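Taking it in order: structure first as structure tokens, then the write-up.
The values are calculated or read from the model by the stated rules, or taken from the named source; none is laboratory data. As the structure is a prediction and not an experimental result, all values here were calculated from the model. Protein only, heavy atoms only, side chains kept; ligands, DNA and RNA dropped before computing areas. Shrake-Rupley method; radii C 1.70, N 1.55, O 1.52, S 1.80 Å.
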Amino acid sequence: MAFLPDESRSLPPPPLLNKGSVWLGFAGWLSALVDNAFNQRPVFRAGVHRQILFATLGWFVGYQLLKRTEYVHAKVDRELFEYIRHHPVDFHAAAG
């Protein structure tokens, strides 16, 4: 993807069935249904190919956004752990 650097390839891929993909796939399908309703076509029966296309596009966008989110979180975690490693005095272990 164009907005992910090459270092993101070291991360494991997210599952195909995830919250972002499902929600955006559903939103894509609903947008095709709304388009049918606005253009006074049968809502479910007209443009089934568009419904499938919009749902697939929504699924793909949701998957890519999740990949981007996981990369950003991994980058922040790496920077935070690196900071902790270089400044151990600031992070004492809790005495139990």
Open item on the list: When only alpha-carbon atoms are used, what values of Rg and Dmax, in angstrom, describe the chain?
Closed with: 21.1, 69
TODO: Can you tell me the 0 to 90 degree angle between the C-alpha axis of helix 19-38 and the longest principal axis of the chain, rounded to 10?
DONE: 20 degrees
- [ ] Report the residue, chosen from 22, 61, 76, that carries the largest GNM mean-square fluctuation when the chain is represented by alpha-carbon nodes joined by springs under 10 Å.
- [x] 76
- [ ] Would you look at the GNM of the chain, springs on alpha carbons closer than 10 Å, and say which of 73, 86, 49 moves the most?
- [x] 86
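Tell me the per residue accessible area of the chain using a 1.4 Å probe; a whole number in Å² is fine.
Numbers: 7440 Å² over 96 residues.
With the other protein chains kept in place, the chain gives 77 Å² per residue.
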TODO: Run the numbers on the chain and let me know its relative contact order in percent, using alpha-carbon pairs under 8 Å that are six or more apart.
DONE: 34 percent
Open item on the list: I'd like the carbon and sulfur percentage of the solvent accessible area for the chain, probe radius 1.4 Å, heavy atoms only, ligands and nucleic acids excluded.
Closed with: 68 percent
